[in-house]
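Please treat every number below as a calculation from the coordinates, not as lab data. Because the structure is a prediction, the values reported are computed rather than measured. Ideal geometry is used to build each Cβ from the backbone, glycine not excepted, and the neighbour counts take in all protein chains shown.
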Amino acid sequence: MPTRSLSNTCDEIMFSRFFKSHAKSLRNFLFYKYGNKDHADDLTQEAFIKLWQNCAAVPIEKAKSYVYIIANNSALNGIAHQKVVLEYEKNFTGSDKTNENPEFILEEKQFKSKLLKAIENLNETQRVAFLMHRIDGKKYSEIAEELNISIKAVEKRMHLALVELRKQIDSIK
Amino acid sequence: MNTMEENHILSKWLNNDLTDAELADFKADPDYEKYEKIKKYTAHLEVPDFNDTKILEHVVSHKKTTPKGIVLYKNWLFKVAAILVVGLGITLIMQNFATQTQYAPNGKKNTFSLPDNSEVVLNAGSEIEYKKRNWDNNRNLELHGEAYFKVAKGKKFEVTTDLGKVAVLGTQFNVKARKNRFDVTCFEGRVKVNYKNTEVILTQGQSVIFENGKQINTSVNSPKPEWLENQIAFNTENLRNILDEIQRQYDVSIEVKTKDSDKLFTGKIPTDNLDVALQIIATTYHLEPNKIAANKIIFEKK
């Protein structure tokens with residue numbers, strides 16, 4: 001008869017499944033925060049190693065907030081923040097593909113780079129919440145859970161991020 | 001638009017949660033187009049690739065550890081000191097209070113000493129549990145399977161099995177408690193055996209077997225159990241029990257494809273030569289041994 005382990009997190013299949021569904025978004029969250037891909041990868045790896053090592057004590061239902069807390073805590077130890085450099089999908093050219101007017105194309109290009117710049121300039125909390133929604137497609141409720149804040153607070157950050165982006169784009173020449 | 005209620009409108013709109021009326025209102029806002037563009041463009045952003053397979057491999061290559069508390073001190077010296085202190089404390093407590101378990105898997109024997117230097121040899125597929133705390137005044141242990149004891153002089157030494165109890169003062173004896181058969185042999189000194197309501201005292205060279213309530217008294221000539229010298233001695237034992245013992249000794253699995261014989265066997269079988277062991281059984285019971293794998297044997301009718 002198979003013996004039940006202390007916690008299902010120790011089961012390698014369960015653990016891998018959990019890793020596959022959450023590791024990338026944890027990494028992205030850390031990347032939005034610090035802007036350094038390698039660092040985000042390392043912190044993610046460390047958080048999951050801790051989870052694996054302590055699997056007996058952390059049931060799978062608690063694993064998500066566990067890795068976010070670990071990642072956040074280890075991130076506190078003085079990491080230099082860098083600019084969050086993002087890119088557009090390779091095949092994304094702009095919102096209107098039918099307009100081939102050179103002036104319009106130039107405008108599109110300018111808007112795209114202004115937007116990236118504006119995102120870089122967002123404050124950290126707004127940027128993190130905003131990108132979790134826009135890039136990872138997370139629901140406000142998920143963002144709230146992962147950042148350990150209320151849904152209202154997420155909505156406020158979204159709003160402020162949008163206002164800030166709009167203002168910045170207006171002011172960047 | 002610069003009122004506080006806009007707060008909800010913008011985030012609701014981004015999440016496609018606006019009602020038709022709210023959406024219509026918002027579309028009238030001079031900045032709507034800009035927001036719409038931000039929304040559209042940010043839906044096509046990308047982050048650098050994430051090599052999750054490689055990281056997962058690295059993660060699970062780490063050993064799982066037993067749960068620890070939350071790390072309170074960042075200074076590694078604190079951590080090391082704390083771990084040492086806690087570890088030492090736990091070890092001391094565990095050694096005194098926790099039940100010690102000694103185990104011999106199939107195919108292996110295990111020799112160890114008790115706190116009073118009494119010696120125990122566990123036969124294959126056996127287990128012993130005892131507590132170190134106050135051992136000298138409370139020499140009690142629980143046996144599953146078979147073991148040979150060389151007991152140091154002292155207070156009462158008691159072996160409890162599922163089938164019965166053996167109590168001694170200082171002596172050498174063997175206890176075998178498997179299935180329904182309880183087998184005790186005294187090699188030196190005196191041994192008191194309790195089986196259900198029966199009490200038997202054995203002296204040097206005497207042996208008693210209780211099987212399904214029946215008592216058989218025999219005697220032995222050897223100074224030590226044969227299994228310590230790579231042999232097993234059987235005394236009026238049935239085929240099933242003999243095969244069980246061989247399975248334990250060699251860590252193999254044996255199947256018999258004929259009706260179980262009720263003939264009883266008395267004799268010795270080696271524990272270091274499987275082929276010879278199988279041959280002895282084959283000849284005695286008129287069976288044909290077939291080794292279908294290194295650890296799987298089937299006996300068929302000749």
Unpartnered Cys in the protein assembly as shown, judged by a 4.7 Å Cβ-Cβ cut-off, are B:CYS186
To the nearest 0.05, how large is the calculated FRET efficiency for B:THR99 and B:LYS179 if R₀ is 22 Å and r is the Cβ-Cβ distance?
0.35
Where nothing but the Cβ of Lys and Arg (+1) and of Asp and Glu (-1) is charged, how large is the charge dipole of region B:88-165 around its Cα centre, in debye to the nearest 20?
240
Count neighbours as other Cβ atoms within 10 Å of each site's Cβ, and list the trypsin sites (Lys or Arg not before Pro) in region B:185-281 that are DSSP loop with at most 12 such neighbours.
B:LYS196, B:LYS257, B:LYS259, B:LYS263
As a quick test, which of the pairs A:LYS24/B:LYS64; B:LYS196/B:LYS257; A:LYS138/B:LYS27; A:LYS83/A:LYS138; A:LYS50/B:LYS40; B:LYS224/B:LYS291 have an alpha carbon distance above 27 angstrom in this structure?
B:LYS196/B:LYS257; A:LYS50/B:LYS40; B:LYS224/B:LYS291
Quickly work out the A:LYS83-to-A:ASN148 label distance, labels modelled 7 Å from Cα along the C-beta direction, and quote it in nm with one decimal.
3.1
Simple spin-label estimate for B:SER113/A:GLU120, 7 Å along Cα→Cβ, in nm, reads 7.3
Calculated from DSSP H runs of 4 or more alone, at -39500 (n - 2.57) each and per residue, what is the 222 nm mean residue ellipticity of chain A, nearest 500?
-22500 deg cm²/dmol
Within 10 Å of each candidate Cβ there may be at most 16 other Cβ atoms; applying that plus a DSSP loop requirement, which GluC sites (Glu not before Pro) in region A:85-173 survive?
A:GLU89, A:GLU100
Before anything else, pin down the relative contact order of region B:231-296: Cα pairs under 8 Å, at least 6 apart, normalised by residue count, whole percent.
39
Just subtract the alpha-carbon distance of B:VAL85 and B:ALA152 from 0.36 nm times their residue separation and send over the number in nm, one decimal.
20.7 nm
So B:LEU77 and B:THR218, fully extended at 0.36 nm per residue minus their Cα-Cα distance, gain in nm 44.3 nm
Might you report the magnitude of the Cβ-based charge dipole of region B:230-301 about its Cα centre, with Lys and Arg at +1 and Asp and Glu at -1, to the nearest 20 debye?
140
Treating only Lys and Arg (+1) and Asp and Glu (-1) as charged, each at its beta carbon, one finds that chain B has a dipole about its Cα centre, in Debye to the nearest 20, of 1860
From the cross-link list B:LYS12/B:LYS34; A:LYS33/B:LYS63; A:LYS114/B:LYS37, which pairs have alpha carbons spaced over 18 Å apart?
A:LYS33/B:LYS63
Can you give the FRET efficiency to the nearest 0.05 for B:ALA21 and A:LYS90, using r as the Cβ-Cβ distance and R₀ = 30 Å?
0.15
For a label point 7 Å from the Cα of B:LYS259 along Cα→C-beta, name the residues of region B:269-302 whose backbone N is under 17 Å from it.
B:285-287, B:300-302
Residue (of A:PRO59, A:SER150, A:PHE19) at the positive-pole extreme of chain A, dipole from beta-carbon charges
A:SER150
Here FRET efficiency (C-beta to C-beta, B:LYS64 to B:ALA294, R₀ 25 Å, nearest 0.05) is 0.20
